[in-house]
1. Take the Cα pairs of the chain, get the Kirkwood Rh, then feed it into Stokes-Einstein at 4 °C and 1.567 mPa s and tell me D in µm²/s.
2. Quick one: Cα convex hull volume of region 30-95, Å³ per residue?
3. Summing -39500 (n - 2.57) over the DSSP H runs of n ≥ 4 in the chain and dividing by its residue number, what mean residue ellipticity at 222 nm do you reach, to the nearest 500 deg cm²/dmol?
4. Mind listing the phi-derived Karplus ³J(HN,Hα) values for region 57-63, rounded to whole Hz, using 6.51, -1.76 and 1.60 with θ = phi - 60°, and x for any glycine or proline?
5. From the phi angles alone, apply the Karplus equation (6.51, -1.76, 1.60; θ = phi - 60°) to region 3-10 and give each ³J(HN,Hα) in whole Hz, x where the residue is Gly or Pro.
6. Given the chain, what count of lysine pairs have C-alpha atoms under 27 Å apart, with each pair 8 or more places apart or on different chains?
7. Apply the Karplus curve 6.51 cos²θ - 1.76 cosθ + 1.60, θ = phi - 60°, to the phi angles in region 119-136 and return the couplings in whole Hz, x for Gly and Pro.
8. Can you compute the equivalent ellipsoid semi-axes for region 97-142, i.e. the square root of 5 times each eigenvalue of the Cα gyration tensor, sorted largest first and rounded to whole Å?
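Throughout, read-outs are computed from the coordinates displayed, never taken from laboratory work. Fair warning: this is a prediction, and the values are worked out from it, not measured in the lab.
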Amino acid sequence: FLKYLGFSTAAATLAACESPIIESIPYVVKPDSLTPGMPTYYATAYVDGQDFASVLVKTREGRPIKIEPGDEGRFNRGTNGRAQASVLSLYDSARLRQPVKGGAETDWGTIEADLKQAVDASVTAGKQFVLVTGSVFSPSFKAVISKLRQSY
């Protein structure tokens, strides 16, 4: 009796573990830079408060899946747990997908044009404008600020 009970329980368990059939939908126009199944790596920087690192982001089909230490890191040659877990924030369903102005979605071109218009108006009126940021460690961000200072 126990032999038959064990066999039937195992058979029922295995039958219930059948994986669902998932059909993939091919691209209508596949991007040239994308090879399905092959990872793509992007060198970037991770910054979170006083925590920063040069990182390499591994993506598959345009979706980031892993953050690895970058080769260009001057201070450390690794990433911490917070940097590794930050890839999960990219999949947050409450994350904004586009810029928002006045509670309505807009595009980056509109935001940039409005910002430029406001800065130009204050400079024309003889007023100064101030850029308020946290501590800036990124050489790329420092270069952008330097170009902004030269322009105004």
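1. Working: Rh = 21.1 Å.
Rounded to a whole number, D works out at 61 µm²/s.
2. Values: hull volume 6.8 nm³, N = 66.
About 102 Å³ per residue, rounded to a whole number.
3. Numbers: 4 runs with 50 residues, N = 152.
Helix-only estimate at 222 nm: -10500 deg cm²/dmol.
4. Running phi through 6.51 cos²θ - 1.76 cosθ + 1.60 with θ = phi - 60° gives 9, 8, 10, 10, 6, x, 10 Hz.
5. In residue order, the calculated couplings are 5, 5, 5, x, 5, 5, 5, 5 Hz.
6. Here the count comes out as 14.
7. 5, 4, 5, 6, 5, 4, 7, x, 8, 9, 10, 10, 9, 9, 9, x, 4, 9
8. Values: eigenvalues 91, 79, 17 Å².
For region 97-142, the semi-axes come out at 21, 20, 9 Å.
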